[in-house]
Amino acid sequence: AHHGIATLALDIPGAIDLEELEDQLAELPAAYVRIKGVAATEAGWVAFHRVGLRVSSEPLPRAPAGFADNHGRIVALGHDLRQDQLAACVKAALV
């Protein structure tokens with residue numbers, strides 16, 4: 001928590017609906033300054049980002065090194081982060 005910036009990381013336990021995850025991340029409060037992660041979708045792997053209130057994603061050609069079995073990871077930076085809020089976004093997007 002250097003300079004009041006907190007970090008929060010969660011595993012993504014399976015494939016996600018990317019559009020749903022992007023919608024969920026867009027609804028998080030502005031206290032989430034930066035979010036990034038990698039996840040499996042039914043169409044393949046994606047990297048996703050949220051900077052400020054802007055959410056974007058791009059396909060990846062293959063599973064990133066160290067990721068397998070459709071398990072991804074999401075990391076958030078900001079102030080007053082809540083694990084339950086971030087976990088709810090992931091849960092809503094799981095397929």
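The values are calculated or read from the model by the stated rules, or taken from the named source; none is laboratory data. This structure is a prediction, so every number in the text was calculated from the model and none was measured. Positions of Cβ are generated from backbone atoms using ideal geometry, with glycine treated the same way; all protein chains shown enter the neighbour counts. Areas reflect the complete protein model, heavy atoms only, side chains present, ligands, DNA and RNA absent. Shrake-Rupley method; radii C 1.70, N 1.55, O 1.52, S 1.80 Å.
When segment 59-87 is limited to residues that are over 16 Å from Lys36 (Cα atoms) and in contact (Cβ under 8 Å) with a residue 40 or more places away in the chain, the one that is least open to solvent (accessible area, probe 1.4 Å) turns out to be Asn70. Scanning segment 38-56 for residues that are on the phi < 0 side of the Ramachandran plot and open to solvent by less than 70 Å² (accessible area, probe 1.4 Å) returns Val38, Ala39, Ala40, Thr41, Trp45, Val46, Ala47, Phe48, His49, Arg50, Val55, Ser56.
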